[in-house]
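Some notes on the structure that comes next.
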Amino acid sequence: MATRVRHRNKRCTVIGGSGFLGRHLVEKLLERGYSVSVFDICENFELPGVIFHQGDLCDKQALFPALKDVSLVFHCASPAPGSDNRGLFERVNIQGTRTVIQACLEAGVEKLVLTSSASVVFEGTDIKNGREDLPYAKKPIDYYTETKIEQEKLVLKACDKGKGFLTVAIRPHGIFGPRDPQLVPILVDTARRGKMKFIIGNGTNLVDFTFVENVVHGHILAAEHLRADSPICGKPYHITNDEPIRFWDFMSEVLVGLGYDPPRYHLPYMLVYGLALFLWLLALILRPLVSFKPTFTPMRVALAGTHHYYSCERAKQDMGYKPVVSLKEGIDRTVQSYPHLRQGS
Ligand SMILES: NC(=O)C1=CN([C@@H]2O[C@H](COP(=O)(O)OP(=O)(O)OC[C@H]3O[C@@H](n4cnc5c(N)ncnc54)[C@H](O)[C@@H]3O)[C@@H](O)[C@H]2O)C=CC1
Ligand SMILES: CC(C)CCC[C@@H](C)[C@H]1CC[C@H]2C3=C(CC[C@]12C)[C@@]1(C)CCC(=O)C[C@@H]1CC3
């Protein structure tokens, strides 16, 4: 019996396990002796010992086989933040998360760890050392953020010690690392099109960028600390590298590491933001006729031109969190992992 309980405790499912963060999480869980199943709408990799279930998380019946005899579920699936498909975000992040919670309850899952985002409190204006008690954004900057807020509320509200169902939300910020499909690729694409020459604002704004292995570490710590007597039940936790860096220094280090010139010329923040807003509206109006995707969206300009860094004191106190990879090492390892994105390749 004791062996069966121990065995079940080490069985987990990663919803969204084919994605950037999900796959890193799967790899670390395997290393730590968990048996891992992946549930995802697409299958991107195969790993010995990983059972793959392909399906849409909005479909409860499709989820059941992936949750059978599993005590711990990580939910890190989401449509890509760059999309402007409101219906998709609402369906997957809100209705889909309701379905995940319901399926977990019916399948007897005991712990649910959600990957939320620190941006649930970001409204496009400065946040310095923000703590988890900041209110949710009243005017979220995009549909992604709007639906991540609702998703987090749903998961935290579902925490019910009476029912033996415990939940926690991890709020990472600016995840980067090997195989990241957005930050470095978008940056390099922008540089290759000659558009990475400008610094938006005075360039001194501090931002958190978090190496993917630290985010994984935060998730596993949360899962392992999630017990009925733990203070972490039903709470959100910022997980960052705890080394805020100037946004433009981070961009420059990655660009220079890959052989590109760093941005040099300054442009006033409000001018670029206004222009990005205008282009976004134009793209919206012209969508039935032509489709174009502006590089500088209002969301990216806000992220590039304001302070947004967060305190992870609560995670340090309640679950002993400490980043395992420094920012410098994270940047070096990331740059090394993208030989095909180097200048001239
Ligand atoms: N990348 C970042 O900087 C940050 C990401 N996050 C959150 O971390 C989580 C993971 O993000 P990434 O790994 O960067 O994204 P990703 O796009 O690489 O991975 C998301 C995964 O979810 C899957 N998925 C999407 N819709 C699905 C559905 N209906 N049913 C089943 N699977 C579905 C995708 O196929 C993909 O494999 C997301 O919840 C995101 O909101 C939070 C903060 C920062
Ligand atoms: C074109 C350039 C000025 C900037 C290119 C880099 C951006 C692609 C990234 C810089 C900060 C990143 C970030 C996210 C996505 C990629 C960036 C905009 C998130 C929005 C991803 C999802 C989240 O939950 C929050 C992230 C904040 C930082």
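Here, each number is a calculation from the coordinates, and none is a lab measurement. Keep in mind the model is a prediction, meaning the values are calculated, not measured. All Cβ positions, glycine included, derive from the backbone under ideal geometry; neighbour counts span all protein chains shown.
Quick notes on this structure:
- Each principal axis of segment 53-124 carries a Cα extent, and these read 42, 21, 17 Å when sorted largest first.
- Rough spin-label spacing in nm, given labels placed 7 Å along Cα→Cβ, for Asp69 and Ile51: 0.6
- Take 275-282, 252-259, 80-87 and order them by the average number of nearby Cβ atoms within 10 Å per residue, most first; the result is 252-259, 275-282, 80-87.
- Protection proxy ranking for 61-68, 225-232, using the average of other Cβ atoms within 10 Å per residue and placing the highest first: 61-68, 225-232.
- The shape of segment 253-332 can be summarised by an equivalent ellipsoid whose semi-axes, obtained from the alpha carbon gyration tensor, come to 34, 19, 14 Å from longest to shortest.
- A dipole drawn for segment 195-314 from +1 and -1 charges on Cβ atoms has a positive end, and of Ile232, Val216, His308 the residue lying farthest that way is His308.
- Unit charges at the beta carbon, dipole of segment 68-227: most positive-side option, Ser116, Phe89, Ile186: Ile186
- The packing ranking, built from the mean of other Cβ atoms within 10 Å per residue, places the peptides 310-317, 210-217 in the order 210-217, 310-317, highest first.
- Relative to the current alpha-carbon distance between Lys10 and Leu286, full extension at 0.36 nm per residue lengthens the span by 94.2 nm.
- Each Lys and Arg contributes +1 and each Asp and Glu -1, all at the Cβ; summed about the Cα centre of the chain, the dipole is approximately 200 debye.
- For segment 143-260, the relative contact order works out to 36 percent when only alpha carbon pairs closer than 8 Å and six or more residues apart are counted.
- Computed over the chain, relative contact order equals 17 percent, with contacts defined as Cα pairs under 8 Å that lie 6+ residues apart.
- Residues of type aspartates and glutamates that Lys293 reaches as a straight line, Cα spacing below 18 Å, ignoring anything fewer than 8 places off in the same chain: Asp84, Asp142, Asp189
- For Ile199, distant residues with modelled amide H under 5 Å away: Arg264, Tyr265, His266, Leu267
- Here Lys316 is the anchor, and the lysines within straight C-alpha reach of less than 27 Å, apart from those fewer than 8 places off in the same chain, are Lys10, Lys28, Lys111, Lys128, Lys148, Lys153, Lys157, Lys161, Lys235, Lys328.
- Compactness of the chain as Cα Rg over 2.2 N^0.38 Å, two decimals: 1.00
- Share of alpha-carbon pairs per 5 Å distance bin for segment 1-118, given as whole %: 2, 12, 23, 25, 19, 11, 5, 2, 1, 0
- In range of the label at Asp261: residues from segment 182-213 whose backbone nitrogen is under 14 Å from the point 7 Å along Cα→Cβ: 191-199
- Simple spin-label estimate for Lys161 and Glu313 gives 2.5 nm between the two label positions (7 Å along the Cα-to-Cβ direction from each Cα).
- Spin-label pair Leu275/Leu134, simplified geometry with 7 Å Cα→Cβ offset, distance in nm: 2.7
- The chain - mean residue ellipticity at 222 nm from DSSP helices (-39,500 (n - 2.57) per run, n ≥ 4, rounded to 500): -12000 deg cm²/dmol
- Panel values: segment 143-200, Kirkwood radius from alpha carbon pairs, Stokes-Einstein at 10 °C and 1.306 mPa s, translational diffusion coefficient 107 µm²/s.
- Residues Gln336 and Gln95, FRET efficiency given R0 of 35 Å [Cβ-Cβ distance, rounded to 0.05]: 0.30
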